[in-house]
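Undergrad: Below are the structure tokens for one structure; questions will follow.
The values are calculated or read from the model by the stated rules, or taken from the named source; none is laboratory data. What you are looking at is a predicted structure, and each value in this text was computed from that prediction instead of being measured. Glycine gets a Cβ as well: all are built from the backbone with ideal geometry, and neighbour counts include every protein chain shown.
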């Protein structure tokens, strides 16, 4: 995998994960290309695109597009599964996840992703194990936060 | 201190946290940039505080802003501060920020090494985990090198959570620091059998990635993976393993046999489409590798693609667009190997062209390319043309356009039966608005018009109409991509103007003022071709008593050309002013009633003929031109090697078997060929091939089918007067029917005549491909032209070049002709003198004096002598002096085993036949008589035989196919069959000839010896350091070494000498040490490691054939013993 982008229907970036080192300029160009390409797709089209030498696999969940770029030998359906699995994990963590959850807790979204994928490879295929390690780190964070007298970073849910 | 803390937390009550920031940004939609800049100012203040919580909060906000596209690189150091907090909460935020913001060039990264090392060894597994995760995003080569060991230890951590992260990050470390792969690999392999499934799958992932880059190293793991594949139920892991096998099977065909059963089972049983798709892909890859590789015997192991194609058809028929897409994608892979089995699904694929999803249509288009035949081309293109009309987006339409042209022009227009139809398709395509591919259409028009002679009249008529309606093409600025077509139109009309019905009208169209708005290069073609038209008109008018038309034409030119003379484009201006003056002059002559048409058309005389792309190959390299010689000093090899530190990951397989330049892949070659063809087609000045090497052009039938030009005025956007391609579909159908009918008639006749007893009726059902004859013949011609140089047995033979110069000394030698070298040599000149100068002095028979006055003169002398010496001795092992003295005293016989520069370009690596050696012999007549009837004969040995024409006996000589006047040299080549190449050989031979003087002729005989050194069997083959290393590791090579004393020359001279005389290439050179490589014609690898210290050179050598190696080393030793 090369990168994962989450963006809204308006093309606003919500999350970016780059699995290879890239300069900011390249990143910006890619983000622009991806949003224009994916947003231009019609409904009920297939979820795959060819972009340069990469395969772009995207999927829309509610108002959010998940867009994953993989090398040309990769399995497109597996990439779709990865996106879906990530959404499941987010859903499990936030409980009926919506775009706002990811906007206001974007660091949590990253932490979840970091437990699921690493360095462009799948790290853990079991949902339970991913969830357990996220909970465990959160516990650690809560404890640590207490000790430092820091207000919890957990989100105000009423928005 | 306490106060400070309290103060800090009070301040913080007023700080914005991330949520506030996000909310604020959402509330300031109008002045977002301004709001954010105030936020960034606040953050800068926060970062100045000592409180780590405040800093962490600020860094967290920065991470968010970074995502929005703001530059936060200025805060890199603060991020490192937060990373190094002891609190997990902050550490986590710090690492997240680092992983999002840092990249390889962030300089603070080097400050993090110790912090990361500390975190990696933290007792808290989540600290370690967070550090590993962060590291995976920003690892640099330095970090990889410094931390590789720590991470390797973590691979055996007690917690599976850490183990799997460590395994995954190891892949990144390998990429950045390849040296770590070897020490870490055993442990990585161990992890394949880790009790924790997460760690196991991580290891599978990493090894799959590694194997994809360099499969060969991982073949040994195949049994382990096979076990995993049959036992695992985790589809994620299974997919990876199957992918890995896809990479391994091409290397180990036996794997295919084992795999086919479990894969087939999976294909039938699995419900997971992703797994099914992966299996199908691997099976296809297996078939592909079998069909292209040298593993033909194994292809039977892979079943015919029936199963795959069937499954894919199900996918394509599925309502799920994704499956449809993937089905088509996989189908295109099968198409490469089994086009027949895909072609049967034409209906389905054509159907996909109507899909509303562009991705799917594009994939279907890819497939069409391989599915056309003579029979269905018109039908398919017709369908595509409808799509072109319907297409909304220009990208898709352009894609369609290129595909139509690709499909039609593929394999030399193989599938086009009617070029009138194709021309009208091209003309129809010019109606596309805003396409970028005007030049593509133009080059096709040129190509077809030049190569299909029968079509020229038709093409010219079409192009004239295009020119006449040029305003339709250029009217809109958006459409000017298409105006490139006018380039082709103008050129075709000019070049083949004899076919024009109304040249005057076309000339007028080409000189319209509007033309000046076209791009310069097109205007230039207009001007030049207007001149050609002018010439044609003059010629047509010649003999006409009324000369007004001719004069009117001149006047038209004179009136219109000044517009172009003013052009800002140099090319246009230059051509226009040149032609204008010419026309003015012609006008003057016309007024005097001088007949000038002949002269004017002579300006453009000569027909343009196509030239085969390979024609250049037939042009012999001029004597004395060495295409492979360096013009400048070659760059040192070691440098370029150093730039490839990732050698072990390189995708390319070690191909030491062939020289590099032959490795340019087929695609690239095809592309270049295409480009060359294109260029030739576009180049009106391309030099014609000599008539002898040209294929005789057959005039094609079908000219009578030129239809009446249909004028279509009802559709305004269409270029009026252009025929619709559709009518050709009909016409073609009729033509084919007619042909078929005729054929049937003929057959009937035949049958009637024959009245065969069986009387079985011939089935005249649907026509087959072969039945369809093209209406026009494409001239030329990508194939090789007939070999003119038939006396060359094959260009792929290794050549031992031996130069024999004949001095016929019937008269006493003039002083200048005397070669002191020889007499001295025969007399036993000092063989092992260390200095060149000494030898030279000795050979020059002059007392050794070194007075400064004489120096200059002497130098001259030396130079002259060096040349002479070079000619005689340089390449010559001393052992050969024996054979010399045995020679007829009247003759000098010079041996140059493989020493002439031309040899390099001739050797192409004769992998086809490792047992043939070509000996090129240069015969030089140095006497003053005529030599004729030369016969060359060699006494065959058991091992080496001269190849003689069939029917001649084993002792017959070969006639040398030329005679030699005095002072002339010529070369003849003789082919030898050699059984074993591991030993050097000497063959005795004789040359008989007749010496003819004015008054008498005598029969003479010259004995000689051919010395086949082992070196002569080596071919300079470049080798790359990684391949070289692999070769040495393989352990199949026997080693041997030799030590040379008293070699007094710079190291690079020494290397150059070995390269030159013994056909090695330098693989790598470091200081006074170099590795070299060469390969024998029978595929033995010879590797040398040359080291020098002082005057001692040691050569360690390895080769798979010890005898050959020993002999090669002896020869090298001899080479150096002479210096």
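Undergrad: I need a count of the residues in segment B:123-138 that are within 8 Å of chain A (Cβ to nearest Cβ) and outside any helix (DSSP H, G or I). Please lay out each step first, then the result.
TA: Taking segment B:123-138 first, the residues within 8 Å of chain A (Cβ to nearest Cβ) are B:124, B:126, B:129-130, B:132-133, B:136-138.
Now narrow it down to the ones that are outside any helix (DSSP H, G or I): B:124.
Total meeting the criteria: 1.
Undergrad: Go through segment B:29-41 and give me each residue that's surrounded by fewer than 16 Cβ atoms within 10 Å (Cβ to Cβ) and under 19 Å from residue B:79 (Cα atoms).
TA: Passing the criteria: only B:41.
Undergrad: Do the conditions hold for residue B:432, that is, is it buried (at least 21 other Cβ atoms within 10 Å of the Cβ), under 23 Å from residue B:611 (Cβ atoms) and touching a helix residue (DSSP H, G or I) at 6+ places or on another chain (Cβ under 7 Å)?
TA: Details: buried (at least 21 other Cβ atoms within 10 Å of the Cβ): yes; under 23 Å from residue B:611 (Cβ atoms): no; touching a helix residue (DSSP H, G or I) at 6+ places or on another chain (Cβ under 7 Å): yes.
Spelling it out, it is not the case that residue B:432 is buried (at least 21 other Cβ atoms within 10 Å of the Cβ), under 23 Å from residue B:611 (Cβ atoms) and touching a helix residue (DSSP H, G or I) at 6+ places or on another chain (Cβ under 7 Å).
Undergrad: Only one of these conditions is not met by residue B:396: (1) more than 14 Å from every other protein chain (Cβ to nearest Cβ); (2) within 30 Å of the chain's Cα centre (by Cα); (3) closer than 30 Å to residue A:79 by Cα. Which number is it?
TA: (1)
Rundown of residues vs (1) in contact with a helix residue (DSSP H, G or I) (Cβ under 7 Å, 6 or more places away or on another chain); (2) farther than 18 Å from residue B:94 by Cα; (3) at pLDDT below 85, yes/no style:
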residue	(1), (2), (3)
A:87	no, yes, no
A:95	no, yes, no
A:100	no, yes, no
A:105	no, no, no
A:115	yes, no, no
A:123	yes, yes, no
A:142	no, no, yes
A:145	yes, no, yes
A:148	yes, no, yes
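Undergrad: Criterion first (at pLDDT below 90, facing another protein chain (nearest Cβ under 8 Å), crowded, with 17+ Cβ neighbours inside 10 Å and closer than 20 Å to residue B:97 by Cα) does residue A:21 satisfy it?
TA: Spelling it out, residue A:21 is indeed at pLDDT below 90, facing another protein chain (nearest Cβ under 8 Å), crowded, with 17+ Cβ neighbours inside 10 Å and closer than 20 Å to residue B:97 by Cα.
Undergrad: Related question: Looking only at segment A:106-124, which residues are in contact (Cβ under 8 Å) with a residue 60 or more places away in the chain and over 18 Å from residue A:78 (Cα atoms)?
TA: If we filter segment A:106-124 for residues that are in contact (Cβ under 8 Å) with a residue 60 or more places away in the chain, which is where we start, we get A:106, A:109-110, A:113, A:117, A:119-121.
Hits for segment A:106-124 are A:106, A:109, A:110.
Undergrad: With the structure loaded, tell me whether residue A:91 is over 11 Å from the mean Cα position of the chain (by Cα), buried (at least 18 other Cβ atoms within 10 Å of the Cβ), more than 10 Å from chain B (Cβ to nearest Cβ) and free of Cβ contacts under 8 Å to residues at least 60 places away in the same chain or whether it fails that test.
TA: Values: over 11 Å from the mean Cα position of the chain (by Cα): yes; buried (at least 18 other Cβ atoms within 10 Å of the Cβ): no; more than 10 Å from chain B (Cβ to nearest Cβ): yes; free of Cβ contacts under 8 Å to residues at least 60 places away in the same chain: yes.
Criteria not met by residue A:91.
Undergrad: Run down B:967, B:953 and say which single residue is surrounded by fewer than 18 Cβ atoms within 10 Å (Cβ to Cβ) and either on the phi > 0 side of the Ramachandran plot or not assigned by the TED database to the domain that holds residue B:922 (or both). Lay out the reasoning, then the answer.
TA: On the way: B:953 fails: either on the phi > 0 side of the Ramachandran plot or not assigned by the TED database to the domain that holds residue B:922 (or both).
Testing whether each residue is surrounded by fewer than 18 Cβ atoms within 10 Å (Cβ to Cβ) and either on the phi > 0 side of the Ramachandran plot or not assigned by the TED database to the domain that holds residue B:922 (or both) leaves just B:967.
Undergrad: Step by step: first the residues of segment B:402-421, then only those that are free of Cβ contacts under 8 Å to residues at least 40 places away in the same chain and in contact with a helix residue (DSSP H, G or I) (Cβ under 8 Å, 6 or more places away or on another chain), then the one that is farthest from residue B:365 (Cα to Cα). Which residue is that?
TA: Looking at residues that are free of Cβ contacts under 8 Å to residues at least 40 places away in the same chain and in contact with a helix residue (DSSP H, G or I) (Cβ under 8 Å, 6 or more places away or on another chain), I get B:409.
Undergrad: Right, something else. For segment B:332-350, check the following and say yes or no: at least one residue is closer than 21 Å to residue A:78 by Cα and not assigned by the TED database to the domain that holds residue B:377. Please lay out each step first, then the result.
TA: Initially, segment B:332-350 is screened for residues closer than 21 Å to residue A:78 by Cα, giving B:332-333.
Adding the requirement that they be not assigned by the TED database to the domain that holds residue B:377 leaves B:332-333.
Within segment B:332-350, one or more residues are closer than 21 Å to residue A:78 by Cα and not assigned by the TED database to the domain that holds residue B:377.
Undergrad: Taking the condition surrounded by fewer than 16 Cβ atoms within 10 Å (Cβ to Cβ), out of contact with any helix residue (DSSP H, G or I) (no Cβ under 9 Å at 6 or more places or on another chain) and within 27 Å of residue B:431 (Cβ to Cβ), does residue B:356 pass?
TA: On the way: surrounded by fewer than 16 Cβ atoms within 10 Å (Cβ to Cβ): yes; out of contact with any helix residue (DSSP H, G or I) (no Cβ under 9 Å at 6 or more places or on another chain): yes; within 27 Å of residue B:431 (Cβ to Cβ): yes.
So residue B:356 passes the test.
Undergrad: Look at residue A:128 and say whether it is under 22 Å from residue B:159 (Cβ atoms), buried (at least 19 other Cβ atoms within 10 Å of the Cβ) and either in contact with a strand residue (DSSP E or B) (Cβ under 6 Å, 6 or more places away or on another chain) or modelled with pLDDT under 90 (or both).
TA: Working: under 22 Å from residue B:159 (Cβ atoms): yes; buried (at least 19 other Cβ atoms within 10 Å of the Cβ): no; either in contact with a strand residue (DSSP E or B) (Cβ under 6 Å, 6 or more places away or on another chain) or modelled with pLDDT under 90 (or both): yes.
It is false that residue A:128 is under 22 Å from residue B:159 (Cβ atoms), buried (at least 19 other Cβ atoms within 10 Å of the Cβ) and either in contact with a strand residue (DSSP E or B) (Cβ under 6 Å, 6 or more places away or on another chain) or modelled with pLDDT under 90 (or both).
Undergrad: I'd like to check which helices (runs of 4 or more DSSP H) are fully inside segment B:12-122 and have at least 2 residues that are not assigned by the TED database to the domain that holds residue B:135.
TA: Details: elements: B:18-27, B:32-48, B:52-67, B:76-83, B:88-101, B:113-120.
Hits in segment B:12-122: B:18-27, B:32-48, B:52-67, B:76-83, B:88-101.
Undergrad: Would you check if residue B:441 is surrounded by 18 or more Cβ atoms within 10 Å (Cβ to Cβ) and at pLDDT 85 or above?
TA: Values: surrounded by 18 or more Cβ atoms within 10 Å (Cβ to Cβ): yes; at pLDDT 85 or above: yes.
Against the criterion (surrounded by 18 or more Cβ atoms within 10 Å (Cβ to Cβ) and at pLDDT 85 or above), residue B:441 qualifies.
Undergrad: With the checklist (1) farther than 30 Å from residue B:51 by Cβ; (2) within 8 Å of another protein chain (Cβ to nearest Cβ); (3) touching a residue at least 12 places away in the same chain (Cβ under 8 Å) in hand, flag the one item residue A:103 doesn't pass.
TA: If we test residue A:103 against (1) farther than 30 Å from residue B:51 by Cβ; (2) within 8 Å of another protein chain (Cβ to nearest Cβ); (3) touching a residue at least 12 places away in the same chain (Cβ under 8 Å), just (1) comes out false.
Undergrad: Filter the helices (runs of 4 or more DSSP H) completely within segment B:502-594 down to those with at least 2 residues that are more than 15 Å from residue B:467 (Cα to Cα) and touching a helix residue (DSSP H, G or I) at 6+ places or on another chain (Cβ under 9 Å).
TA: Values: elements: B:503-510, B:520-541, B:548-565, B:570-591.
Output list reads B:520-541, B:548-565, B:570-591.
Undergrad: Oh, and also: Name every residue in segment A:38-68 that is in contact (Cβ under 8 Å) with a residue 24 or more places away in the chain, more than 10 Å from chain B (Cβ to nearest Cβ) and in a loop (DSSP other than H, G, I, E, B), in order of residue number.
TA: Of everything in segment A:38-68, those that are in contact (Cβ under 8 Å) with a residue 24 or more places away in the chain, more than 10 Å from chain B (Cβ to nearest Cβ) and in a loop (DSSP other than H, G, I, E, B) turn out to be A:62, A:63.
Undergrad: Further question on the same structure: Please go through segment B:189-199 and give me each residue that is within 14 Å of another protein chain (Cβ to nearest Cβ) and touching a helix residue (DSSP H, G or I) at 6+ places or on another chain (Cβ under 6 Å), ordered by number.
TA: Passing the criteria: B:191, B:194, B:196, B:198, B:199.
Undergrad: Could you check how many residues of segment A:25-36 are more than 7 Å from every other protein chain (Cβ to nearest Cβ) and exposed (fewer than 15 other Cβ atoms within 10 Å of the Cβ)?
TA: As a first pass, look at segment A:25-36 and keep what is more than 7 Å from every other protein chain (Cβ to nearest Cβ): A:25-27, A:29-36.
Then keep just the ones that are exposed (fewer than 15 other Cβ atoms within 10 Å of the Cβ); that gives A:25-26, A:29, A:32-33, A:36.
Counting residues in segment A:25-36 that are more than 7 Å from every other protein chain (Cβ to nearest Cβ) and exposed (fewer than 15 other Cβ atoms within 10 Å of the Cβ) gives 6.
Listed here are the residues, each with its yes/no results for (1) modelled with pLDDT under 85; (2) loosely packed, with under 15 Cβ neighbours inside 10 Å; (3) under 20 Å from residue B:1026 (Cβ atoms); (4) touching a helix residue (DSSP H, G or I) at 6+ places or on another chain (Cβ under 7 Å).
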site	(1), (2), (3), (4)
B:1046	yes, yes, no, no
B:1063	yes, no, no, yes
B:1075	no, no, yes, yes
B:1081	yes, no, no, yes
B:1088	no, no, yes, no
B:1095	yes, yes, no, no
B:1108	no, no, no, yes
B:1119	yes, no, no, yes
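Undergrad: What is the one condition in (1) away from chain A (no Cβ under 14 Å); (2) crowded, with 23+ Cβ neighbours inside 10 Å that residue B:158 does not satisfy?
TA: Every listed condition holds for residue B:158 apart from (2).
Undergrad: Kindly provide the set of residues from segment B:26-54 that are within 12 Å of chain A (Cβ to nearest Cβ) and closer than 23 Å to residue B:98 by Cα, ordered by number.
TA: Once the filter is applied, which keeps residues that are within 12 Å of chain A (Cβ to nearest Cβ) and closer than 23 Å to residue B:98 by Cα, segment B:26-54 yields B:51, B:52, B:53, B:54.
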